[in-house]
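The values are calculated or read from the model by the stated rules, or taken from the named source; none is laboratory data. Bear in mind the structure is a predicted one, so any value in this text is a computation, not a measurement. Quick reminder, even Gly has a Cβ in these numbers, built from the backbone with ideal geometry, and neighbours come from all protein chains shown. Areas reflect the complete protein model, heavy atoms only, side chains present, ligands, DNA and RNA absent. Shrake-Rupley method; radii C 1.70, N 1.55, O 1.52, S 1.80 Å.
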Amino acid sequence: MTTHFSRRIIAFVSVFVLALALYAQQIIVCPKCSYEAAPGAKFCTHCGAALDLTREADVTEESVKVESTNPVVSDSQSVAAAAFATMVSEDIQTAVDFMNSKAEADPAAALAALNNARGILALAGKNAIPETDKLTVMNGIVAAKEAIIKTRIACPKCNGKGQEDVLHEFSTLGGGTGSMISSKRSCSRCDGRGWIVKRRKTTEIKSLLGSGRQQYADKALVMGRIKIGNAWLNPEVASHLKVKELATLKHFTADPCLACAGFGKTDCKACDNTGFVACTAPNCVKGFIRPPKIATGNQKEKRLESMQLSNPTPCPECKGTALVICTDCAGTASITCTSCNGSGERSICNKCKGDGFIPCHSCKGTGKDKQGQPCPLCSGEGVVLCTTCGGDGYGRK
């Protein structure tokens, strides 16, 4: 209610000020004695001189110009916004095509298309791209990365069969032990699926990403786009980009951390990227605790013992899986990248401090030459792309 009341007060004050302005335009000043006369008067009430009535024209609403509170959008800006939206939509469809390929899904190529769309989102501004497309791009990047990181391998415990043998052990007449398969059960490691999920090694991830970028590059060429840094844009849009826009585009499509390929994680050598290591609990053999041998006396007791079958019990530490969580990676199957501290990005450029552009050395950032004309080096922008990082804002180490 308070907000509504405040708006009414503001509206009333605005109308009141406008009315005063209109009234001031109707005031007539005597050309002889400079005395203000009432609106509509033909003679000055002070000296009796005839008044100038040429300013007495009626003031209509059309003659009063009220400045709009909304920014004026030029035709060129509208065309650029439409071009940005079209490119993002095309990249989304390209990513969908890669994931739904009849031959084989290619999440790395889909990620390349979505990363390109992300760069265009940063370049396009707030209102150029529909919110649904923005969400599709960001959620798609997360899903594509998950698909790239994880892979299925045959379960090492059941060799991909999904079942494991149930063994019964017994004592032999000679005082040793024997075993026999009594039945089958679902593998305790893979829950009967025959496969487990393993994180790909970083070298494999890098190989997939490189192949995916090439697949998308081929598609972008077919769409008639040109390459700027790592981004692919329509030539019409690319030709009108200014220095700061180029820096923004290059920054959001720049190469990631070289050590982790942009994922912020590297290989865990202790568990071979599985998140589990062999159980080391006392008496645990392949996930089960063997019962202790029973001391026997005479030959008769040995014969009786040899006929009794014993069932091993699951190890309380590994629950029969023969594996426990890796302490090095806490079960995540990877460790934080020491090069980027988990950010997935390279360190910022020391020269431009991450901006991607620096003041033009020719005009000292003024945008003008000595004659006051636009600087020929920076085209009057006052800035140029950073000569150290090339415009992406990241260091080269």
On the given criteria, is GLU146 buried (at least 19 other Cβ atoms within 10 Å of the Cβ) and out of contact with any helix residue (DSSP H, G or I) (no Cβ under 7 Å at 6 or more places or on another chain)?
-> no
Where a residue in region 347-365 is under 14 Å from VAL384 (Cα atoms) and its partner, wherever it lies, is in a loop (DSSP other than H, G, I, E, B) and among the charged types (D, E, K, R), with Cβ under 7 Å and at least six apart | GLY356/ASP392; ILE358/LYS351; CYS363/ASP369
Residue, farthest from SER211 (Cα to Cα), within region 104-120, restricted to residues that are in contact (Cβ under 8 Å) with a residue 40 or more places away in the chain and aliphatic (A, V, I, L, M) | ILE120
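Quick check on region 123-133: of everything there that is open to solvent by less than 40 Å² (accessible area, probe 1.4 Å) and of a type outside the set (Val, Ile, Thr), which residue is nearest to PRO256 (Cα to Cα)?
Our first condition is that a residue be open to solvent by less than 40 Å² (accessible area, probe 1.4 Å); within region 123-133, this holds for 123-125, 128-129, 133.
Going one step further and asking which of them are of a type outside the set (Val, Ile, Thr), we end up with 123-125, 128, 133.
Working: LEU123: 19, ALA124: 22, GLY125: 23, ALA128: 26, ASP133: 24 Å.
Looking at the filtered set, the residue picked out is LEU123.
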Over region 195-216, the set of residues of a type in the set (Lys, Arg) and outside any helix (DSSP H, G or I) is LYS198, ARG199, ARG200, LYS201
Taking region 344-361 and keeping residues open to solvent by 70 Å² or more (accessible area, probe 1.4 Å) and either aliphatic (A, V, I, L, M) or not in a strand (DSSP E or B) (or both) leaves GLU345, SER347, ILE348, ASN350, LYS351, LYS353, ASP355, HIS361
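Every residue, every condition in (1) touching an Asp or Glu at 6+ places or on another chain (Cβ under 9 Å); (2) modelled with pLDDT under 55, yes or no:
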position: CYS284; (1), (2): yes, no
position: ARG303; (1), (2): no, yes
position: CYS318; (1), (2): no, no
position: THR321; (1), (2): no, no
Pairs where the first residue, in region 207-235, is farther than 15 Å from ASP91 by Cβ and crowded, with 16+ Cβ neighbours inside 10 Å and the second is hydroxyl-bearing (Ser, Thr, Tyr) and at pLDDT 95 or above, C-beta under 9 Å, 6+ apart = GLY229/THR253
Any idea which of LYS293, LYS364 is assigned to a loop (DSSP other than H, G, I, E, B), open to solvent by 100 Å² or more (accessible area, probe 1.4 Å), modelled with pLDDT under 90 and of a type outside the set (A, V, I, L, M)?
-> LYS293
